[in-house]
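Q: The structure under discussion is supplied below as structure tokens; questions concerning it will follow.
The values are calculated or read from the model by the stated rules, or taken from the named source; none is laboratory data. Note that the structure is a prediction, hence the values are computed from the model and not measured. In this analysis, Cβ positions are derived from the backbone assuming ideal geometry, glycine residues included, and neighbour counts consider all displayed protein chains. Please note that ligands, DNA and RNA were not included when accessible areas were found on the heavy atoms of the full protein model with its side chains. Shrake-Rupley method; radii C 1.70, N 1.55, O 1.52, S 1.80 Å.
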Amino acid sequence: AQSVTQLGSHVSVSEGALVLLRCNYSSSVPPYLFWYVQYPNQGLQLLLKYTTGATLVKGINGFEAEFKKSETSFHLTKPSAHMSDAAEYFCAVSETSFGNEKLTFGTGTRLTIIP
Amino acid sequence: DTAVSQTPKYLVTQMGNDKSIKCEQNLGHDTMYWYKQDSKKFLKIMFSYNNKELIINETVPNRFSPKSPDKAHLNLHINSLELGDSAVYFCASSHAPSTEAFFGQGTRLTVV
């Protein structure tokens, strides 16, 4: 079964600093990978996804992530943090085995932006 | 237009009651899901339907019964509510199983 590990349940960065949120996955087949963002009292919004092709994927709000097969990682980055980036971030991997197709989520990382 | 909408947004009820949460998607997707998010923000799938057929039931108590009258709707009925059922329940849909999912705004259920 696929699984996702997000290192760091809380990450704090200063406004304008680099944002790096870590995600490692376990998958027996080529994975589809996703990052979602959840603002307080809201649903999850897709930031970006990797399916096939280019390993560096760009998403909304200036975020990007790089799929590294050798490291089984899909870390999320943003060059310069804004106050509006404060939210909970979830990495997810798709399960594609027949009869068990679903997204499996990591435990989430709360991002705090320091003014 | 809201893509995935669920009602109600908040639900406060007493232990032992029966309640329903409704979900509708206007994206034309074939697959719909119910996820439960606990107080630590952990998201766990409960059910998945594809073309109105149940394909995933993740060891959820049988007090929880999903119903999909058509591909655009997936409702969740909960019998005999317990304190431990308090959580945020998210409905989601996707074009196909295991592809990117689009989430509703959530229903915060509080059992007192």
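Q: Kindly provide the pair-distance distribution of the protein assembly as shown built from C-alpha pairs, with 5 Å bins from 0 and whole-percent values in order of increasing distance.
A: Going out from 0 Å in 5 Å bins, the protein assembly as shown shows 1, 7, 15, 18, 18, 16, 12, 7, 4, 1, 0 percent.
Q: Follow-up. Can you give the extra length, in nm with one decimal, that the chain gains between A:Gln42 and A:Leu56 once fully stretched, where that is 0.36 nm per residue apart less the Cα-Cα distance?
A: Here the segment from A:Gln42 to A:Leu56 would lengthen by 2.3 nm.
Q: Could you give the accessible area per residue of the range A:1-69, probe 1.4 Å, as a whole number in Å²?
A: On a per-residue basis, 52 Å².
Q: Work out how far the C-alpha atoms of chain B reach from end to end along every principal axis, then list the three figures in whole Å, largest first.
A: The principal-axis extents, from largest down, are 37, 28, 26 Å.
Q: Now, a different point. Work out, step by step, the length gained on full extension between B:Gln14 and B:Ala96: first 0.36 nm times the residue separation, then minus their alpha carbon distance; give nm to one decimal.
A: 25.9 nm
Q: Of B:Ile56, B:Ile78, B:Ile21, which is the most mobile in a GNM of chain B whose springs link Cα atoms less than 10 angstrom apart?
A: B:Ile56
Q: What average number of partner chain Cβ atoms lie no more than 10 Å from the Cβ of the residues making up A:30-42?
A: Going residue by residue through A:30-42 and averaging, the value is 2.
Q: Just for the Cα atoms in chain A, what are the lengths along the principal axes, largest first, rounded to whole Å?
A: Per principal axis, max minus min of the Cα coordinates gives 47, 30, 22 Å.
Q: Could you state the number of Å between the C-alpha centres of the range B:1-65 and the range A:49-68?
A: A separation of 29 Å, based on Cα centres.
Q: To continue, here is another question. Which of B:Lys22, B:Lys40, B:Lys67 ends up with the largest GNM mean-square fluctuation for chain B, with Cα atoms connected below 10 Å?
A: In this elastic network of chain B, the residue with the biggest mean-square fluctuation among B:Lys22, B:Lys40, B:Lys67 is B:Lys40.
Q: Please give the average number of partner chain Cβ atoms lying within 10 Å of the Cβ of each residue in A:85-96, rounded to a whole number.
A: Partner Cβ neighbours, averaged per residue: 2.
Q: If you stretched the chain out fully between B:Thr7 and B:Asn26, how much longer would it get, using 0.36 nm times the residue separation minus the C-alpha to C-alpha distance?
A: Separation in residues times 0.36 nm, less the Cα-Cα distance, equals 5.4 nm.
Q: Let me ask something additional. How well do other chains shield peptide B:88-98, expressed as the mean number of their Cβ atoms within 10 Å of each residue Cβ?
A: Mean number of neighbouring Cβ atoms from other chains: 3.
Q: Quote the FRET efficiency, to the nearest 0.05, computed for A:Glu64 versus A:Ala17 with a Förster distance R0 of 22 Å and r equal to the Cβ-Cβ distance.
A: Computed FRET efficiency for A:Glu64 and A:Ala17: 0.85.
Q: If you roll a 1.4 angstrom probe over the protein chains with everything in place, what fraction of the accessible area of chain A belongs to carbon and sulfur, to the nearest %?
A: 54 percent
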